[in-house]
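One structure below.
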């Protein structure tokens, strides 16, 4: 039919509480005016199950999707390798099957594996120490992921590009260079994650209020709220934020918007180990006895009444910040921008784990929020798209973080977005080009 929108298939996890699903939903919203979109949701219960029967079911689902792709003009895969299966060979075969079946294809890489040679010096040292298992892991085991899910998939893309239109979208300029120059892949586009338009940012800034979050309703007008966002894994560095909070005045609060990742929930474990570590930092579990033992000149009067002793025993330790720490739990897509909008600053004290992008970082910048983040490779690359928008500090340096916060230097990065910097409109244009449609 003349004027009909092209039919686009989006293959991703979608109805899940995870970063890939959240971005897939954002992409569908942004591209809906330009495409007739159908989402093929990769059910993570099926695709990540370990049993042979369920793995066969996942393979059958991939075959069903591949047959359905014949009816579409183009296909986008939101590719995080783990959503296609726990087993690396299963994931590799399923991804390659989709690459072969799609008519026109755009693959969004959320992780890019770079080629690395074997560290033979380390291998020889391990062999000298009779560490056979570690030596084997260095030579073979640790390379399986980058070889199979990296080189294997890159080779499949190169072969497909001989026969049809295939493109790639990555989230940093460095990754774009890697795929173009090292992996010799054509039609590579780079664009940071983009969630909200300028109009969206104005709406959230004008409507969000702390009273919408019951756990924050007691905060006063003079209280400064810092926010950490996303699942509470150790690489998020929330412990660094809490240690910085210890050094800040009493009117500074930290809200942790997130919870334990569903994949990290373990049967029979009463308290997640990382949450336990955070709680120890929040509330050391000590009281006035530390002051006595610490040699600060305090002593117990032998005539002190029982009531006074009980009161002292219940007195929180001076390092207790439980009143200023708020575990908010996971947020929905609708709640997330409101949560960021009520924070005076967004903290991203991540460790370096080789991520390609960060959803919370892109969301915060899209919403014009002040952002303080660690100097990881990912955030350094991200900052090249948005010069001056993010205040960076060294990984784990909670003293530096506290000083940046208290000085207010981070506020200069919350200026309105600059013309020409990436946003949802440039993201739409990038995807239209990557899907081999006309530019906007």
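Structural remarks
- Residue count for the range 205-219, restricted to those that are more than 18 Å from residue 366 (Cα to Cα) and without any contact (Cβ under 8 Å) to a residue 40 or more places away in the chain: 5
- Total residues in the range 233-251 satisfying the condition of being touching a helix residue (DSSP H, G or I) at 6+ places or on another chain (Cβ under 9 Å), in contact (Cβ under 8 Å) with a residue 40 or more places away in the chain and over 22 Å from residue 367 (Cα atoms): the figure is 13.
- Scope the range 29-43; condition out of contact with any strand residue (DSSP E or B) (no Cβ under 8 Å at 6 or more places or on another chain) and either modelled with pLDDT under 95 or in a loop (DSSP other than H, G, I, E, B) (or both); matching residues: 32, 33, 34, 43
- Enumeration of residues in the range 232-259 that are surrounded by fewer than 18 Cβ atoms within 10 Å (Cβ to Cβ) and over 14 Å from residue 349 (Cα atoms): 246, 247, 249, 250, 251
- Condition check for residue 318: at pLDDT 55 or above and out of contact with any strand residue (DSSP E or B) (no Cβ under 8 Å at 6 or more places or on another chain): yes
- Counted residues, the range 50-92 - those being closer than 23 Å to residue 18 by Cβ and either touching a residue at least 24 places away in the same chain (Cβ under 8 Å) or buried (at least 22 other Cβ atoms within 10 Å of the Cβ) (or both): 24
- Filter result (in contact with a strand residue (DSSP E or B) (Cβ under 7 Å, 6 or more places away or on another chain) and surrounded by fewer than 23 Cβ atoms within 10 Å (Cβ to Cβ)) within the range 216-231: 216, 219, 223, 224, 225
Each row is one residue, and each column tells you yes or no for (1) closer than 23 Å to residue 325 by Cα; (2) at pLDDT below 85; (3) not assigned by TED's automatic domain parsing to the domain that holds residue 235.
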| residue | (1), (2), (3) |
| --- | --- |
| 259 | yes, no, no |
| 266 | no, yes, no |
| 271 | yes, no, no |
| 279 | yes, no, no |
| 290 | yes, yes, yes |
| 295 | no, yes, yes |
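- When the range 44-82 is filtered for residues that are closer than 30 Å to residue 359 by Cα and not in a helix (DSSP H, G or I), the ones remaining, listed by number, are 48, 49, 50, 72, 73, 74, 75, 76, 77, 78, 79, 80.
- Of the residues making up the range 364-382, those that are surrounded by 21 or more Cβ atoms within 10 Å (Cβ to Cβ) and either free of Cβ contacts under 8 Å to residues at least 24 places away in the same chain or farther than 21 Å from residue 174 by Cα (or both) are 364, 366, 367, 368, 369, 370, 371, 372.
Residue-by-condition table, conditions (1) over 26 Å from residue 350 (Cβ atoms); (2) at pLDDT 95 or above:
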site: 399; (1), (2): no, yes
site: 402; (1), (2): no, yes
site: 407; (1), (2): no, no
site: 410; (1), (2): no, no
site: 415; (1), (2): no, no
site: 418; (1), (2): no, no
site: 427; (1), (2): no, yes
site: 439; (1), (2): yes, no
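- Top-ranked residue of the range 19-34 - restricted to ones that are free of Cβ contacts under 8 Å to residues at least 40 places away in the same chain and surrounded by 17 or more Cβ atoms within 10 Å (Cβ to Cβ), ranked as farthest from residue 109 (Cα to Cα): 28
- Taking each residue of the range 174-185 that is within 13 Å of residue 158 (Cα to Cα) and looking for partners that are surrounded by fewer than 16 Cβ atoms within 10 Å (Cβ to Cβ) and modelled with pLDDT under 95 with beta-carbon atoms closer than 7 Å, six or more apart or interchain, yields 182/115.
The values are calculated or read from the model by the stated rules, or taken from the named source; none is laboratory data. Just so you know, these numbers come straight off a predicted model, no measurement behind them. Cβ coordinates were reconstructed from backbone atoms using ideal geometry, including for glycine residues, and neighbour counts include every protein chain displayed.
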